[in-house]
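The values are calculated or read from the model by the stated rules, or taken from the named source; none is laboratory data. These numbers were taken from a predicted model, which means no experiment stands behind them. Positions of Cβ are backbone-derived with ideal geometry, glycine not excepted, and every protein chain shown enters the neighbour counts.
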Amino acid sequence: MAEIISKLGIGPMSPEIIESVFYYSQKNKTQLMLIASKNQIDYNGGYVNNWNTEQYMNFVKSLKIKYPESDVVICRDHCGPGFNGIFDLEDTYNTIRSDIENGFDLIHIDFCHYKGSKEEMLIESKKAIEYCKSLNPNIKIEIGTDENTGKFYDSPSEILEDLNFYLDFIKPDFYVVQSGSLVMEINQVGSYNDEFMKEVSEVLKSKNVKIKEHNADYLTGKEINKRSNVVGAVNIAPQMGVVQTQLMIQKCLQYGIDFNDFLDRSYNSKKWEKWLKNNTSENKFLCSVIAGHYNFKEEEYKLIVNEINKNEDFTKCVMEEMYNIIELYIKNL
């Protein structure tokens with residue numbers, strides 16, 4: 001594919017959110033990215049609609065037909081060992097193979113959880129990238145080995161050292177940099193390190209590589225605008241799933257639909273555990289909202305949507321909400 005010019009990557013948290021991306025792209029003639037994690041979509045299945053990679057891409061292809069003037073870059077987020085609890089490299093390579101066979105445009109190679117030294121991690125990252133290129137010489141590559149914890153790198157020279165290693169054999173489109181942003185519960189709790197990001201931006205621009213910021217959810221227009229001309233692109237994901245869950249609850253209250261079974265299912269999934277900050281498991285409602293999107297594939301959710309659809313088109317409602325979020329980011333980046 002041609003150069004990636006998109007400034008926004010969006011997690012494919014649900015079929016409605018995925019369609020929102022295509023709709024916005026076509027209506028506004030704007031390139032967007034879909035960024036699937038291994039937990040969401042993978043060769044052996046994922047929590048988004050129980051889809052494996054092939055099924056996900058079949059849905060994407062149907063949307064390309066429905067929205068023929070859309071421009072959506074299909075990306076793999078955090079492709080590396082450990083992100084799904086599996087550290088065997090065969091699992092990572094299975095993901096790469098399936099992604100490329102099914103037409104992904106970009107793969108983010110992230111070996112930050114690799115169980116070895118920094119040098120070994122870089123060597124294995126190189127092998128994975130070379131494997132990507134052997135399957136598709138035109139595949140786009142994102143690098144940067146961060147699992148964003150909200151802690152800052154304190155030296156742009158560290159980033160440059162890593163980047164130079166990769167530049168010896170690849171020209172990446174994006175380098176993921178820890179900006180200080182951090183999502184916990186249903187909030188942005190990090191602190192954007194403005195000066196650091198400007199310094200790193202200058203370093204990367206000199207190498208013709210763009211910064212990618214992960215965990216950029218729940219930002220105001222002013223906060224997004226701070227990143228303009230500094231950050232090449234940002235990723236958002238959990239916010240979209242939470243907003244869809246909140247919208248579903250709002251419609252249930254509006255139309256008198258019981259949603260307790262869904263809250264129970266969501267709470268019992270325990271998918272909220274890694275997102276808690278100040279709250280505890282005692283706040284069952286918050287936990288259920290946090291974990292809601294992990295359970296959209298469940299029967300309890302589908303029954304609720306069927307009831308909402310007797311009153312109004314829930315897909316349309318979700319797409320309107322997502323449109324507004326996408327618009328906020330695009331207009332301010």
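Summary table
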item: Tabulated pairs, segment 255-275, first free of Cβ contacts under 8 Å to residues at least 40 places away in the same chain, second aliphatic (A, V, I, L, M) and assigned to a helix (DSSP H, G or I), C-beta under 6 angstrom, 6+ apart or interchain; result: TRP272/ILE290
item: Boolean, LYS251 is within 18 Å of GLU320 (Cβ to Cβ), of a type in the set (Lys, Arg), touching a Phe, Trp or Tyr at 6+ places or on another chain (Cβ under 8 Å) and modelled with pLDDT of 95 or more; result: yes
item: Pair list, Cβ < 9 Å and 6+ apart or interchain, from segment 23-40 residues that are surrounded by fewer than 20 Cβ atoms within 10 Å (Cβ to Cβ) and part of a loop (DSSP other than H, G, I, E, B) to residues that are at pLDDT below 95 and among the polar types (S, T, N, Q); result: ASN39/ASN84
item: Residue match in segment 41-52 (condition: part of a helix (DSSP H, G or I) and out of contact with any Lys or Arg (no Cβ under 8 Å at 6 or more places or on another chain)); result: no
item: Checking ASP217 against (1) in a helix (DSSP H, G or I); (2) closer than 30 Å to PHE262 by Cα, the condition it does not meet; result: (1)
item: Output for segment 53-83, where each listed residue is under 28 Å from MET121 (Cβ atoms) and either out of contact with any Asp or Glu (no Cβ under 6 Å at 6 or more places or on another chain) or of a type in the set (Ser, Thr, Tyr) (or both); result: THR53, CYS75, ASP77, CYS79, PRO81, GLY82, PHE83
item: Test for VAL289: is it closer than 21 Å to ALA237 by Cα and aliphatic (A, V, I, L, M); result: yes
item: SER191 assigned to a loop (DSSP other than H, G, I, E, B), closer than 19 Å to CYS75 by Cβ and outside the structural domain of LEU276 (by TED's automatic domain parsing); result: no
item: Flag for PHE196 being surrounded by 18 or more Cβ atoms within 10 Å (Cβ to Cβ) and more than 20 Å from the chain's Cα centre (by Cα); result: yes
item: Verdict on LEU34 being assigned by TED's automatic domain parsing to the domain that holds ASP173 and out of contact with any Phe, Trp or Tyr (no Cβ under 8 Å at 6 or more places or on another chain); result: yes
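Yes or no, residue by residue, for (1) touching a Leu at 6+ places or on another chain (Cβ under 8 Å); (2) at pLDDT below 95; (3) buried (at least 21 other Cβ atoms within 10 Å of the Cβ); (4) not in a loop (DSSP other than H, G, I, E, B):
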{"site": "GLY103", "(1), (2), (3), (4)": "no, no, no, no"}
{"site": "SER125", "(1), (2), (3), (4)": "no, no, yes, yes"}
{"site": "SER134", "(1), (2), (3), (4)": "no, no, no, yes"}
{"site": "THR149", "(1), (2), (3), (4)": "yes, yes, no, no"}
{"site": "TYR153", "(1), (2), (3), (4)": "no, yes, no, no"}
{"site": "SER157", "(1), (2), (3), (4)": "no, yes, no, yes"}
{"site": "GLU161", "(1), (2), (3), (4)": "no, yes, no, yes"}
{"site": "LYS171", "(1), (2), (3), (4)": "no, no, no, no"}
{"site": "GLN178", "(1), (2), (3), (4)": "no, yes, yes, no"}
